[in-house]
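Everything on this sheet refers to the single structure shown next.
The values are calculated or read from the model by the stated rules, or taken from the named source; none is laboratory data. These figures come from a predicted structure and were not determined experimentally. Here the Cβ positions follow ideal geometry from the backbone for every residue, glycine too, while neighbour counts run over all protein chains shown. For accessibility, only protein heavy atoms count, side chains too; no ligands or nucleic acids. Shrake-Rupley method; radii C 1.70, N 1.55, O 1.52, S 1.80 Å.
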There are 2 protein chains.
Amino acid sequence: MSTGTFDLDTAIRKIPNFPKPGVLFYDITSILTNPEAFSFCFNQMKELFRSRQLAGIAAVEARGFIFASPFAYLMNLPLVLIRKQGKLPGKTISRKYALEYGEAEIQLHVDDITHGGTYLLVDDLIATGGTLKASAELIREAGGNVEDIFGVIGLPFLPYESVLDDYAVHTLIQYHSE
Amino acid sequence: MSTGTFDLDTAIRKIPNFPKPGVLFYDITSILTNPEAFSFCFNQMKELFRSRQLAGIAAVEARGFIFASPFAYLMNLPLVLIRKQGKLPGKTISRKYALEYGEAEIQLHVDDITHGGTYLLVDDLIATGGTLKASAELIREAGGNVEDIFGVIGLPFLPYESVLDDYAVHTLIQYHSE
């Protein structure tokens, strides 16, 4: 399948005032129900990362699972989950990070990371970058490396680029205003 | 790759006393970090469902996404998300169902379902069957059909078989006691 010809914007539904008034929500579920659009994303991911020497793919709960899992399968690489607090049953390490209001906590199975291995961190959409920054730090704390972060959609106005400036951030499409 | 020779049990970590004392937790993250085990699951799913005339794959949040998403990609079929309340931005229908303590609510984008189409419902582990029963009912309410339900692991002692007796339930491995 050709990888460069699909207009991904046409497959992304824009929903005003979700999850709160004034916010325009970029909805990836309309990619998922469109097999041409969904395949396009994985073809693009292969183009971006096929030459990397990766130890695994790390997936951020919950929508990150949707893009990380098929890519781990396609690359025949381990899939590592980064989950909200209390979901992982094994030995975990945790990190708290600030949200707009309050804070959140994510966890990683420490034994899922191969020491010295490089992990590609995957989410669906990159906005403030807070969850991804905390996720990358968890992987480093467990002995791994993160060089690249991938999201299907990037919202650089939010602004993730300064938050994630230790990493190469890759997106398939960017939107520049709310 | 051969599909019938992998001993999936060896790839499933058993963790006692999670999420509470007395419960033995069957951990699928040890499948995810084992590419041979992970590929085996999708090969088995292809064997089970390749001859079905499916309109799409329906995924139950959150671990269901991990197995439904690659399978939708492999089958070139739409992926439909069933999510916890408040996560889906479009027009939804909802269903509440009982948990051991209290209740939960799940939602579906009503426009994601093709009228008259048959959907394969996918989760990682089938235990009480409550979430899957509510999910199948949501798909039916939206105009679709569900005939088959798939989970990697089945715990029939809990006992999902009576709860899901309207459906053909498929699992790759069953455990018969806690």
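Annotations
- Cα-based shape type of region B:1-95, given that a ≥ b ≥ c are square roots of the gyration tensor eigenvalues and the cut on a/c is 1.5: oblate
- Apportionment of accessible area to carbon and sulfur, region B:52-147, percent (1.4 Å): 43
- Two-site FRET efficiency, B:Lys91 against A:Lys20, from Cβ-Cβ distance with R₀ of 30 Å, rounded to 0.05: 0.95
- Annotation: amide H of B:Thr92 within the under-5 Å range of B:Val110, sequence separation 5 or more or interchain, hydrogens built in the peptide plane.
- The overall shape of the protein assembly as shown is rounded: from the C-alpha gyration tensor, with semi-axes ordered a ≥ b ≥ c, the ratio a/c is less than 1.5.
- Relative to the other identical copies, A:His115 shows label-point distances of 6.2 nm, where the label point lies 7 Å from Cα along the Cβ direction and values run shortest first.
- Exceeding the 24 Å Cα-Cα cut-off - candidates A:Lys20/B:Lys84; A:Lys91/A:Lys133; A:Lys84/B:Lys84; A:Lys91/B:Lys84: A:Lys91/B:Lys84
- Segment B:Asp9-B:Leu99, extension gain: residue separation times 0.36 nm, minus the distance between their alpha carbons: 29.6 nm
- Three-way shape label, region B:98-157, alpha-carbon gyration tensor, a/c 1.5: oblate
- With θ taken as phi - 60° and the Karplus curve 6.51 cos²θ - 1.76 cosθ + 1.60 applied, the whole-hertz 3J(HN,Hα) list for region B:77-87 is 10, x, 10, 10, 8, 10, 10, 5, 4, x, 9 Hz, x standing for glycine and proline.
- One Cα centroid belongs to region B:51-113, the other to region A:70-118; the line between them spans 22 Å.
- A:Glu47-A:Lys84 FRET efficiency (beta carbon distance; Förster radius 41 Å; 0.05 resolution): 0.85
- Taking the inverse of the mean 1/r over every pair of distinct Cα atoms in chain B gives a Kirkwood hydrodynamic radius of 16.7 Å.
- Summed over both chains, the contact between A and B buries some 3100 Å² of accessible surface at a probe radius of 1.4 Å.
- Annotation for B:Glu103, label-to-label distances across the other copies: 3.5 nm (shortest first, one decimal, point 7 Å from Cα along Cα→Cβ).
- Segment A:Asp111-A:Glu36, extension gain: residue separation times 0.36 nm, minus the distance between their alpha carbons: 23.4 nm
- Mean separation of Cα contacts under 8 Å (6+ apart) over length of chain B, as relative contact order %: 17
- 1.4 Å probe, heavy atoms, protein only - residues of region A:3-41 losing at least 20 Å² accessible area vs chain alone: A:Arg13, A:Ile15, A:Phe18, A:Thr29, A:Leu32, A:Thr33, A:Pro35, A:Phe38, A:Ser39
- With θ taken as phi - 60° and the Karplus curve 6.51 cos²θ - 1.76 cosθ + 1.60 applied, the whole-hertz 3J(HN,Hα) list for region B:104-114 is 10, 9, 10, 9, 9, 5, 4, 6, 6, 9, 7 Hz, x standing for glycine and proline.
- MRE, 222 nm, helices only [DSSP H, n ≥ 4, -39500 (n - 2.57), over chain A, to nearest 500]: -8000 deg cm²/dmol
- The mean accessible area for residues of chain A, using a 1.4 Å probe and ignoring ligands and nucleic acids, is 42 Å² per residue.
- Computed 3J(HN,Hα) for region A:7-15, one whole-Hz value per residue from the Karplus formula 6.51 cos²θ - 1.76 cosθ + 1.60 where θ = phi - 60°, is 8, 4, 4, 5, 9, 9, 7, 10, 10, glycine and proline marked x.
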